[in-house]
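All remarks here apply to the structure that follows.
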Amino acid sequence: IDPRGSYFDHLRKLLDLKVLGQSGLKVAVDVMYGTGRDYLDAFLRDAGVQVEVLHGYRDPLFGGQRPEPSDEYLEPLAERIRETGAHLGLAVDADADRFGVMDGQGRYHEANMILGLLFDHLIKTRGWEGGVARSVATSHLVDKVAAAYGRPVFETKVGFKFLGEYILSDQALMVGEESEGFSMRGHLPEKDGILACLLVAEMVATTGKGIPELLKDLFARVGPVHTQRLNLSLNPEVKVRLLERLQTTPERFAG
């Protein structure tokens with residue numbers, strides 16, 4: 001089967017193509033040699049957006065690095081943004097279920113920040129009722145947005161299957177996790193990096209503002225949040241000791 005046609009038809013029902021087409025937006029896209037190629041870039045072009053593509057061909061070795069849309073692996077995207085004067089950088093991982101976002105200066109913005117912006121954008125533009133679901137490991141920026149609008153927050157265990165339940169039950173208009181997972185009302189109960197990237201582009205096109213300005217505006221309304229993800233490798237022995245220690249609440253942290 002070739003699912004692209006029906007998938008694109010579905011995306012057209014979820015996104016504001018008119019605002020994308022009239023925006024004059026220029027976007028740099030890194031599909032990281034994966035299955036997002038000819039999907040994310042093609043949909044943006046079809047919508048009238050000017051697109052610069054990186055790694056838009058198949059490489060089973062992914063250029064010799066991990067195909068993750070995180071700051072560590074997106075320096076080529078940052079360089080292309082600066083070279084071309086793109087307004088926005090968008091990336092998806094190898095199977096296109098996770099997203100990465102860079103601003104017009106080539107600076108990476110954590111998924112925690114982007115999820116807060118997207119929740120705010122969906123409330124403003126869709127007129128939908130309902131709340132937001134996030135994993136326990138995800139920043140509380142979406143909580144702040146929810147409080148500002150009087151919306152409920154549903155906290156789940158880590159794992160997108162728990163979040164997907166809130167799409168199926170229609171309790172949440174958006175679900176997200178800090179590990180670059182996103183879905184929304186009307187879509188599948190599974191994360192979709194292509195949809196997340198397209199909605200970020202729609203948000204920038206709608207407001208005429210870049211990611212830093214959008215965050216500044218949001219923080220002015222709901223209060224600032226600071227977040228950074230740190231990945232640590234633990235050997236099995238250290239992991240066991242840590243889990244034992246975490247059975248009781250620590251009285252001190254970092255001294």
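Descriptive notes on the structure:
- A 1.4 Å probe over all protein chains sorts 31, 225, 238 by accessible area into 238, 225, 31, starting with the largest.
- Using R0 = 41 Å, the C-beta based FRET efficiency linking residue 165 and residue 247 works out to 0.90.
- Rounded to the nearest whole angstrom, the semi-axes of the ellipsoid equivalent to the range 97-243, taken from the Cα gyration tensor as √(5λ), stand at 25, 19, 15, largest first.
- Between residue 124 and residue 61, the simple spin-label model (points 7 angstrom out along Cα→Cβ) gives 4.5 nm.
- Taking Lys and Arg as +1 and Asp and Glu as -1, the other residues whose beta-carbon sits under 15 Å from that of residue 57 total -3.
- In sequence order, the range 171-176 has phi-based couplings of 7, 10, 7, 8, 10, x Hz under the Karplus curve 6.51 cos²θ - 1.76 cosθ + 1.60, θ = phi - 60°, and Gly or Pro positions carry x.
- Using 0.36 nm per residue and subtracting the Cα-Cα separation, the extra length available between residue 158 and residue 136 on full extension is 7.3 nm.
- Couplings 3J(HN,Hα) of the range 2-16, computed from phi: 10, x, 4, x, 5, 5, 4, 4, 5, 4, 5, 7, 9, 10, 8 Hz, in residue order, whole Hz [Karplus 6.51 cos²θ - 1.76 cosθ + 1.60, θ = phi - 60°; x for Gly and Pro].
- Percent carbon-and-sulfur accessible area, the chain, ignoring ligands, DNA and RNA, probe 1.4 Å: 50 percent
- For the range 49-132, the spread of Cα positions along each principal axis, largest first, Å: 44, 28, 22
- Cβ-based net charge around residue 139, under 11 Å, with every Lys or Arg adding one and every Asp or Glu removing one: -1
- Accessible area expressed per residue, the range 14-75, with surrounding protein chains retained (probe 1.4 Å, Å²): 48 Å²
- Using the Cβ of residue 82 as centre and a radius below 12 Å, the other residues enclosed give a net charge of -3, where K and R count +1 and D and E count -1.
- At 1.306 mPa s and 10 °C, Stokes D of the range 42-85 from Kirkwood alpha-carbon radius, µm² per second: 131 µm²/s
- Cross-link pairs 26/216; 124/157; 13/216; 124/216 - those with Cα-Cα distance over 19 Å: 26/216; 124/157; 13/216
- Accessible surface computed residue by residue for the range 104-255, with neighbouring protein chains in place and a 1.4 Å probe, gives 53 Å² per residue.
- Taking only Cα atoms of the chain, radius of gyration then Dmax in Å: 18.5, 58
- Radius of gyration and maximum dimension Dmax of the range 164-233, Cα, Å: 14.3, 41
- The range 81-156-the range 25-65 distance, computed between alpha-carbon centres (Å): 20 Å
- Think of it as helices only: each DSSP H run of n ≥ 4 in the chain is worth -39500 (n - 2.57), and spread over all residues that comes to -12000 deg cm²/dmol at 222 nm.
- Share of pairwise Cα separations in the range 1-144, more than 21 Å, in percent: 49 percent
The values are calculated or read from the model by the stated rules, or taken from the named source; none is laboratory data. These numbers come from a predicted model, not from an experiment. Ideal geometry is used to build each Cβ from the backbone, glycine not excepted, and the neighbour counts take in all protein chains shown. SASA here: full protein model, heavy atoms, side chains in, ligands and nucleic acids out. Shrake-Rupley method; radii C 1.70, N 1.55, O 1.52, S 1.80 Å.
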